1. In the Gaussian network model of the chain, springs joining C-alpha atoms below 10 Å, which of 99, 199, 29 carries the largest mean-square fluctuation?
2. Taking other Cβ within 10 Å of each residue's Cβ, how do 49, 174 sort, fewest first?
3. For helix 109-122, what angle does its Cα long axis make with the longest principal axis of the chain, in degrees from 0 to 90 and rounded to 10?
4. To make sure I understand, if each residue's beta carbon is the centre and we count other beta carbons within 10 Å, what order do 83, 26 fall in, fewest to most?
5. Counting other beta carbons within 10 Å of each Cβ, put 46, 153, 109 in order, fewest first.
6. What does the C-alpha gyration tensor say about the overall shape of segment 90-161? Classify as rounded when a/c is under 1.5, otherwise prolate if a/b is larger than b/c, or oblate.
7. For the chain, take the longest principal axis of its alpha carbons; what is the angle in degrees between that and the long axis of helix 138-151, to the nearest 10 within 0 to 90?
8. So for the pair residue 180, residue 31, with labels modelled 7 Å out along Cα→Cβ, what separation do we get in nm?
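Nothing in this text is a laboratory measurement; each read-out follows from the coordinates by a stated rule. If you're wondering where the values come from, they're calculated on a predicted model, not measured in any experiment. Note that we place each Cβ from the backbone using ideal geometry, even for glycine, and neighbour counts take in every protein chain shown.
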Ligand code: ADP
Ligand code: ADP
């Protein structure tokens, strides 16, 4: 069954006296529990699409439908986002960064911390729950970002070039950690990258986008199982 449907989404960015479409009538159905990778060159609209799915960016027309429910241009409901630049709160400890997403959902403080602790543990950072982001390496900061996104128990995990700011060794390590978490806690993932290598390593299905306006060039099923 389809978990998420993107229906005829159109998005324009308005520049000096012109408005260029980034996405024009873009449609895609994402299956339940699949690991979908959106692959395409820089500037083709991957990040815009992901932000529209998350709701932090609005679209001009079209719909985002999650579990049959229209969530277009709304945030929070069932979607967790991981950013390339981590986007952690520098003045909050690791545990409080992870608990943050639960504040808006109205979970009480003690329960928030219990849940946050569970997810800090899941990403292997129990010893650092009282550290501040600047005390951690890049890889560790992104583990916090992943824990924060997962703690709200999203239906769909959205990842926007999450390892783009990390060195190659750390990236490889975090890719394997992500797959291992995903094996244990299956959920629908949409992962954005411009790296063919990364897409082939992670994906069940790769949606290849071409630029201006972002269109689907081809969809590739990745048949050979993961290592
Ligand atoms: P990708 O994630 O594939 O690199 P983006 O979604 O970030 O692509 O950007 C798609 C296009 O939209 C690019 O040409 C970019 O310059 C343009 N764009 C992105 N954000 C904005 C913005 N806030 N204002 C104007 N143009 C933007
Ligand atoms: P990078 O972060 O280069 O961005 P890592 O995320 O692998 O690399 O972490 C860098 C260093 O931080 C490692 O050498 C390791 O000693 C330490 N580190 C990372 N994760 C943990 C952890 N869960 N527990 C203890 N130490 C860790």
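1. The residue with the greatest mean-square fluctuation here is 29.
2. 174, 49
3. For helix 109-122, the angle is close to 80 degrees.
4. Exposure proxy ranking, most exposed first: 83, 26.
5. Ranked by crowding around the Cβ, least crowded first: 109, 153, 46.
6. In terms of gyration-tensor shape, oblate.
7. Helix 138-151 and the main axis of the chain meet at about 80 degrees.
8. Output for this residue pair reads 2.7 nm.
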